[in-house]
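The values are calculated or read from the model by the stated rules, or taken from the named source; none is laboratory data. On a predicted model such as this, the values are computed, not experimentally measured, just so you know. Backbone-built Cβ (ideal geometry, glycine too); neighbour counts: all protein chains shown.
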Amino acid sequence: MGADGYRQDLVEQLNGAPVFTIPPMMYEQLQTGVLDLTTVAWGAAMDWQLQELVDYAVNISWGAGQLPLLLNESVWDQISSSDQKIIMEVAAEAEQVNREEVYKVIPQAQQIWADAGVEIITPTAAEMAQWEEAFALIWDEYLEMNKDVKDIDKILQDWKDAIYATR
């Protein structure tokens, strides 16, 4: 199963064999049999044409991640406090723009996949509960890594609420 980063841990927990992949590699990996299935964002339908190679898609989140801006602490410390404030404000605004775009793109991508004959499977409430139980490993690890962050439980819940609102 194609996955990246921590998603590979979840594949292993579910008794799968993880294969590292990212969207630019997925088409060839699916086409040549390196992958039987993969995790990917809905927008990949429009970007990477994966709907040409699959018969089924399960509408479930594997813990979508954004593309953060990363800085060494020493670099951050060299930025003026007023510029740090601007960066933090723009980051929050960008996250909202991203959520709005995802909310718009998912139905468009799903239509492309459906038009290609891909069956889109939406899990039942009971199946989602099973999935959340399996995925708890990832959230627990995230919470442990960030245990010193104020209100980390609320931050995670707000993020999950925003992601699931787009489904």
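For region 99-126, a residue qualifies if it is of a type in the set (S, T, N, Q) and within 17 Å of Val40 (Cβ to Cβ), and the qualifying residues are Gln108, Gln110, Gln111, Thr122.
Examine region 61-75 for a residue that is modelled with pLDDT of 85 or more, in a helix (DSSP H, G or I) and more than 22 Å from Tyr6 (Cα to Cα), and state whether such a residue exists. The answer is yes; a qualifying residue exists.
Rundown of residues vs (1) among the hydroxyl-bearing types (Ser, Thr, Tyr); (2) under 14 Å from the mean Cα position of the chain (by Cα); (3) outside any helix (DSSP H, G or I), yes/no style:
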site	(1), (2), (3)
Gln130	no, no, no
Glu133	no, no, no
Ala136	no, no, no
Trp139	no, yes, no
Lys147	no, no, yes
Asp153	no, no, no
Asp158	no, no, no
Asp161	no, yes, no
Tyr164	yes, yes, no
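Looking across region 113-130, the residues that are loosely packed, with under 15 Cβ neighbours inside 10 Å and under 27 Å from Gln8 (Cβ atoms) come down to Glu119, Ile120, Ile121, Thr122, Pro123, Thr124, Ala126, Glu127, Ala129, Gln130. Answer yes or no as to whether Glu95 is assigned to a helix (DSSP H, G or I) and more than 26 Å from Asp47 (Cβ to Cβ). Judged against the criteria, Glu95 is not a match.
Being outside any helix (DSSP H, G or I) and of a type in the set (S, T, N, Q) is the filter; apply it to region 25-52 and report the residue that is surrounded by the most Cβ atoms within 10 Å (Cβ to Cβ).
Here the residue is Thr38.
Does Ala114 qualify as being of a type in the set (Gly, Ala, Ser) and within 20 Å of the chain's Cα centre (by Cα)? Here the answer is no, as Ala114 does not meet what is asked. For region 131-167, a tally of residues being β-branched (Val, Ile, Thr) and exposed (fewer than 13 other Cβ atoms within 10 Å of the Cβ) returns 1. You will find that of Tyr103, Tyr27, the residue that is among the hydroxyl-bearing types (Ser, Thr, Tyr) and closer than 30 Å to Thr124 by Cβ is Tyr103 and no other.
Out of all the residues in region 1-24, which are in contact with a strand residue (DSSP E or B) (Cβ under 8 Å, 6 or more places away or on another chain), acidic (Asp, Glu) and surrounded by fewer than 17 Cβ atoms within 10 Å (Cβ to Cβ)? Selection gives nothing.
Residues are listed down the side, and each one gets a yes or a no for (1) of a type in the set (Asp, Glu); (2) closer than 30 Å to Asp140 by Cβ; (3) without any contact (Cβ under 8 Å) to a residue 40 or more places away in the chain:
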position	(1), (2), (3)
Leu10	no, yes, no
Trp48	no, no, yes
Val54	no, no, no
Asn59	no, yes, no
Met88	no, yes, yes
Glu100	yes, yes, yes
